[in-house]
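Let me begin by presenting the structure, written as structure tokens, before commenting on it.
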Amino acid sequence: MTQPLISRVYLALIAVLVVSLLFYFMDKIILQDLQTALLSHATDFANQIGNLFGSQY
């Protein structure tokens with residue numbers, strides 16, 4: 001019986017590592033977009049509040 005070139009344990013570890021790296025980079029991209037969107041909404045909200053109180057005086 002011959003030994004396989006890469007055992008199944010190492011193949012599973014490599015697969016887990018690749019999937020983990022994919023999730024890491026996808027998460028990083030999604031969080032960056034989410035941060036940009038939330039900052040934009042917060043700025044718009046602050047401007048609306050400023051306009052609301054600024055128009056009364």
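Probe of 1.4 angstrom, ligands and nucleic acids ignored: what's the accessible area per residue over segment 1-51, in square angstrom?
Details: 5110 Å² over 51 residues.
It amounts to 100 Å² per residue over segment 1-51.
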Starting from 0 in steps of 10 Å, tell me what percent of the Cα-Cα pairs of the chain lands in each bin.
19, 21, 17, 15, 12, 9, 5, 3, 1
Sulfur and carbon atoms: percent of accessible area, the chain [1.4 Å]
71 percent
How many nm is it between the label spots at L21 and L52, if each spot is 7 Å from the Cα in line with the beta carbon?
4.9 nm
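The values are calculated or read from the model by the stated rules, or taken from the named source; none is laboratory data. Keep in mind that this is a model prediction, so the values were computed, not measured. Every residue, glycine as well, gets a Cβ built from its backbone with ideal geometry; the counts of neighbours run over all protein chains shown. We work out accessible area using only protein heavy atoms, side chains counted, and drop any ligands, DNA or RNA first. Shrake-Rupley method; radii C 1.70, N 1.55, O 1.52, S 1.80 Å.
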